[in-house]
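The values are calculated or read from the model by the stated rules, or taken from the named source; none is laboratory data. All figures in this text were calculated on a predicted structure; none of them were measured in a lab. Here the Cβ is made from the backbone with ideal geometry for all residues, glycine too, and neighbour counts use every protein chain on show. Surface accessibility is based on the protein's heavy atoms, side chains included, excluding ligands, DNA and RNA. Shrake-Rupley method; radii C 1.70, N 1.55, O 1.52, S 1.80 Å.
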2 protein chains.
Amino acid sequence: MQFDIEKAIPVLERTPQVIEALLNGLPDEWIYSNEGGDTWTPIDIVAHLIFGEKTDWIPRTQIILGEGSRQFVPFDMEGHIKERKGKTMSQLLDEFTILRKENLALLKGIDFSGEILDKTGIHPQLGRVTLRQLLAAWVVHDLTHIHQLSRVMAKQYEEAVGPWKQFMGVLGGKR
Amino acid sequence: MQFDIEKAIPVLERTPQVIEALLNGLPDEWIYSNEGGDTWTPIDIVAHLIFGEKTDWIPRTQIILGEGSRQFVPFDMEGHIKERKGKTMSQLLDEFTILRKENLALLKGIDFSGEILDKTGIHPQLGRVTLRQLLAAWVVHDLTHIHQLSRVMAKQYEEAVGPWKQFMGVLGGKR
């Protein structure tokens, strides 16, 4: 599938609703459990998405389209810890919804005609990347975290499902 | 996490909203694309969930709790093909929402006190399984298909993300 801004925006628009439908009002055990060790809980993941709205996708779009340095600011993989602090899941979900709406308003304000999607920036690890790749990565990043949320939640029932584990793709099973 | 019917139902209740938020109204390319070969598209997955509502989770609960044979009817992994036929995504999402609501009403009508969750049925491949395992598997089955939907969608942008693929867990990357 070729990247097409008109087909990417509908996915980006839906993510806050998807994540809110999945997590809002769930019993705490589902939202404060992780996959063991220092893996992320659902609340960490939502805080990470908020931090991405603030520091990643639109700020990097602006670097690509701006007049200054093309160099992206490195993304802080611990940035969610501060975002999460003292907030409930419901507050984080509201915050993510608002930030995403604001960021999509900025995105929709960009004139995507001509060669603009071929413009580039410099990613600290990946090197030169295009605006097209950045925006496709924003979509796939949303999907990565929906994927992760479903896996983190399923993990909590790894024992409870007994022999069904072998049929459950999300638990490494074959279906 | 121990299986607790009061914590399982909220997940089962949310699944139709999650899937509707993710898929309803999306451009066709997202919902009719698969991961190659005879893998499933999002529309196949929703049809499979409908077929499960009709023939899997509640019917098997009724077999466990009924007076007749404990033997489950084998599940038809091709059953979604008939369910999907001639229907739009929007129709399928509505159908899934209604069936899930009806099935949860039946589930909530069961008295889960005593040892009822220890009652068993005979799965054609897995052998003797408890009602507790069946209901936990229903939850994880929902999560498996949310997991799969996010992966099938992400797959469509595997090329478009360029070097970001290596950071995208849903595409086999390391984050």
ask   = in contact (Cβ under 8 Å) with a residue 24 or more places away in the chain and surrounded by fewer than 17 Cβ atoms within 10 Å (Cβ to Cβ): does that describe residue A:9?
value = yes
query = In this structure, does residue A:172 turn out to be within 26 Å of residue B:48 (Cα to Cα) and either loosely packed, with under 14 Cβ neighbours inside 10 Å or touching a Cys at 6+ places or on another chain (Cβ under 8 Å) (or both)?
reply = yes
task = Among the residues of the stretch B:145-161, write down those that are open to solvent by less than 10 Å² (accessible area, probe 1.4 Å) and at the interface with chain A (Cβ under 7 Å from one of its Cβ atoms).
result = B:146, B:150, B:153, B:154, B:157, B:161
query = When residue A:58 is evaluated against the numbered criteria (1) touching a Lys or Arg at 6+ places or on another chain (Cβ under 8 Å); (2) closer than 28 Å to residue A:127 by Cβ; (3) not basic (Lys, Arg), which criterion, by number, is the only one it fails?
reply = (1)
ask   = Just one of B:27, B:16, B:42 is at negative phi and touching a Ser or Thr at 6+ places or on another chain (Cβ under 7 Å); which is it?
value = B:16
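Helices (runs of 4 or more DSSP H) wholly in the stretch A:25-142 with at least 2 residues that are open to solvent by less than 70 Å² (accessible area, probe 1.4 Å) and either more than 12 Å from chain B (Cβ to nearest Cβ) or of a type in the set (Phe, Trp, Tyr) (or both) - which ones?
Once the helices (runs of 4 or more DSSP H) in the stretch A:25-142 are filtered for at least 2 residues that are open to solvent by less than 70 Å² (accessible area, probe 1.4 Å) and either more than 12 Å from chain B (Cβ to nearest Cβ) or of a type in the set (Phe, Trp, Tyr) (or both), what remains is A:42-55, A:57-65, A:79-84, A:89-108.
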key: Verdict on residue A:165 being without any contact (Cβ under 8 Å) to a residue 24 or more places away in the chain, of a type outside the set (Phe, Trp, Tyr), more than 30 Å from residue A:72 (Cα to Cα) and open to solvent by 10 Å² or more (accessible area, probe 1.4 Å)   = yes
message = Just to check your reading of the model, which residue among A:93, A:134, A:99 is under 14 Å from the mean Cα position of the chain (by Cα) and under 15 Å from residue B:164 (Cβ atoms)?
response = A:134
query = Could you say whether any residue in the stretch B:149-160 is out of contact with any helix residue (DSSP H, G or I) (no Cβ under 7 Å at 6 or more places or on another chain), among the acidic types (Asp, Glu) and more than 30 Å from residue B:69 (Cα to Cα)?
reply = yes
